[in-house]
Amino acid sequence: MNKQSIISIPDDTIFKLKILAEEKESVRRKLVVTAEKLRLKAKQLAVTAEEKESVRRKLVITAEKLVATAKEKERVRRKFATTAKQLTITAREKESVRRKLAITAEQLRIKAKQLAVTAEEKENVRRKLVITAEKLVMTAKEKESVRRELVGTAKKLRLKAMQLAETAKEKESVRRKLAITAGKLKKSRETLERKVIERTKSLEMARAKEEAILLSIGDGLIATDEKGKIILINKTAEKLLEKESKNVMGKIFSETIHLEDEYGIPIPLAKHPVSMALLGNKISTKNVSEIIYHARKDKSRFPLSIMVTPVTLGKKVIGTIKVFRDITNEHQIDRAKTEFVSLASHQLRTPLSTVSWYTEMLLGGKIGELNEKQTKYLNEVYQGNQRMIDLVNALLDVSRLELGTFPIEPKQINIIKLIKSVIHEQGPQINSKKIAFSFLPEKVPIINADPKLVRMIVQNILSNSIKYTQAEGQVSISISSVDKKNVLFKVSDNGYGIPRNQQDKIFTKLFRADNVREKDTDGTGLGLYIVKSVVENSGGKIWFESTKEELGTRFFVTLPIKKIL
Amino acid sequence: MKKIQTKEKKTILVIEDERPLLEIVNEKLIEKGFGVITARSVDQVFNAMLDKNGLGVIAATNIKQALDYLENLEQVDAIWLDHNLIGKENGIDFVKKFKANGGLWNKIPIFVISNTESSETIKSYVNLGVSKYYVKSNHKLDAIIKDINNSLNPKTKRKTVRV
């Protein structure tokens, strides 16, 4: 029963028991851990509870403090409120006191002013009394001096009475002498009168002679006073204007002389030669570009050449003298010249136009195709014809210059603009020769000249420069003003130049220098002759330089800014 | 030398006394597509137009009547006018007569192509209101016709210019 009472336990049960034991152990350990954790947690909670308690106590304290502070603040606030009330009362009291003081001050000021006024018045009264006292003293003095003077005057009067008595005697004798002199004077006066009459007669005769001369000169003569009223008119004038002297004397000149222009439009009063002369200018129709006519009663008219000269005394214009004549004859001759030139130009140009246009049509190719040689030959024909046209144009210009029928119409010109436009025209020539070109304009004033003529000058000189310079050469133009009265136009190139020994012929008609003829260039030989005439007629100058030292040519033209009238 | 004109073609009235020039201008204008009426004197201008329309010949004194008729029958777009013409009347007389009738006729541009260069003549034409003045020998025919063509198809208004 002892060892055998040991219950035999099967192996797997032992195994299971072991496992169970192990499990219990682990559970126990876990429980221990958990108990440990719980203890820790309890501690922590205790700590936290402590902390909370202390915090709670602190909060209580703080709350008590806040209550105390609040009570204090309330006390302080009540004190301030009280103080504030007191201050308000004090302020009100001060304000009322201040106002009372202000009023008092005002009253005092008024009183002071019143006192001042009173003081002034007293002063004025005092002064017046002083002045019055002084015046009284003076009056007393004056009375005394007047009294003394009267005494003196009485004495003088007595003396004078005695003198007068004596003078009366003298006068009588003088009077007798004067009577004699009067008689003599009368005789001299009669002699003088006779002499004056003689002198006047001889003066009148001299004047009559002069008048007779003036009145009988072949030209019409009218003299006016400074207002333009006619004071003298001679027989020729009467005849030309179909008026009688007695009807026009004293009348304004514009009522007697009816001037009109080419188209029958009356010349305005301001432009009437007499009006202009009354302003002090000498006027002559030679300088006027329009023709002036006088219209007759029968509506026919004749052209006049008029010259009006102002008559001056010192610097003042006191009248005018107008001399005029009928220039119908001269006018007709001029007309004939102009018509001749016109007709010649037409007759010469018509066949040239025919050749030009027909050749142009052929070269156009629409009349039939041309081979190379035909084209070349026709071009030669066209060029040759073109040269003739240029020559005819130049000859016509020359003949008009020489006949004096070249029309000149001055206008205000912007010369820089004009030069630019000429340069533009020459564009093709400049480009085809690849000329290096430059234009350097300076500021210049507007000039008063005929734009056609200025254009001709610029175009001529510029085209010469381009023509007579080799390909890829240089041409430059400049324009500037010199001495306030003129502009200077300059063209320079580095071209063929002008041979020294031929320079003196350059401006002559139809002349072309050898060197340019050799180079096969075109030219009429008239361009520079025409340009020189035109430049000099406009009051300008033209010259050039071409030396061996400096290659090429430089042309210079000066033109006046104002056209000389 | 009288052509039938249609509405699309522009018609130029050419008044020139020199026969060869008249012929070449006529030929060039036709080549460029214009209709052309030609005349060598002022009388002929009006008679040419009337005749063409079967209205017989009319003396120069009845210009007004002629123009009244023609207003509705013929349309001229531009006039090529020479200054020197056959007979007593010249280009200026023509323009004066033409402009005196007013109305539609005043709007037709007149191109004066002449060899006269007298400034008085040119001034008179300018004052009468012609469109342009050419000196014949200084211009190519082609260039003048191009100009006329451009002015009949205007882009801008032109002023009277002397060329």
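What follows is calculated from the coordinates using simple rules that are stated; it is not laboratory data. Please read all numbers here as calculations on a predicted model, not as lab measurements. Cβ atoms come from the backbone with ideal geometry, glycine included; neighbour counts cover every protein chain shown.
Helix-only arithmetic for chain A: the sum of -39500 (n - 2.57) across DSSP H runs with n ≥ 4, divided by the residue total, places the mean residue ellipticity at 222 nm at -22000 deg cm²/dmol. Across peptide A:336-344, the average count of Cβ atoms from other chains found within 10 Å of a residue's Cβ is 2. Applying the Karplus relation 6.51 cos²θ - 1.76 cosθ + 1.60 with θ = phi - 60° to the stretch A:437-451 yields 3J(HN,Hα) values of 10, 9, 10, 10, x, 9, 5, 10, x, 5, 10, 9, 7, 6, x Hz, where x marks Gly and Pro. Viscosity 1.567 mPa s, temperature 4 °C: give me the Stokes-Einstein translational D for the stretch A:221-326 in µm²/s, with Rh taken as the Kirkwood radius over C-alpha pairs. Approximately 94 µm²/s, per Stokes-Einstein.
Once backbone amide H atoms are built at 1.01 Å from N, A:ARG296 has A:ARG301, A:PHE302 as its partners under 5 Å, excluding neighbours fewer than 5 places away on the same chain. Extent of the stretch A:385-472 along its three principal axes (Cα atoms, max minus min coordinate, largest first): 42, 40, 15 Å. Taking every residue in A:350-363 and counting other chain Cβ atoms within 10 Å of its Cβ, the average works out to 6. Our coupling estimate for the stretch A:190-196, obtained by passing each phi through the Karplus curve with A = 6.51, B = -1.76, C = 1.60 and θ = phi - 60°, is 4, 4, 4, 3, 4, 4, 4 Hz, Gly and Pro reported as x. Over what distance in Å are the Cα centres of the stretch A:426-468 and the stretch A:385-399 separated? Between the Cα centre of the stretch A:426-468 and that of the stretch A:385-399, the gap is 21 Å.
All other residues whose Cβ lies under 14 angstrom from that of A:PHE555 are scored, Lys and Arg at +1 and Asp and Glu at -1, for a net of +2. Here the peptides A:139-148, A:544-553, A:390-399 are ranked by packing, the mean other Cβ count within 10 Å, and the order with the highest first is A:390-399, A:544-553, A:139-148. Peptides A:419-431, A:448-460, ordered by how many other C-beta atoms sit within 10 Å of their residues on average, highest first, read A:448-460, A:419-431. For B:GLY35, the residues whose amide H sits under 5 Å from its own are B:LYS10, B:THR11, B:ILE12, ignoring neighbours fewer than 5 places away on the same chain, with H placed 1.01 Å from N. Between the amide H of A:ILE327 and those of A:LEU304, A:SER305, distances stay under 5 Å, these residues lying 5 or more places away or on another chain, with hydrogens modeled in the peptide plane. Taking the DSSP bridge list for the protein assembly as shown and keeping only pairs wholly inside it, about 70 percent are antiparallel.
Residue-normalised convex hull volume from the C-alpha trace of chain A: 879 Å³ per residue.
Peptide B:136-146 has a mean of 5 when you count, residue by residue, the C-beta atoms of other protein chains within 10 Å of its C-beta.
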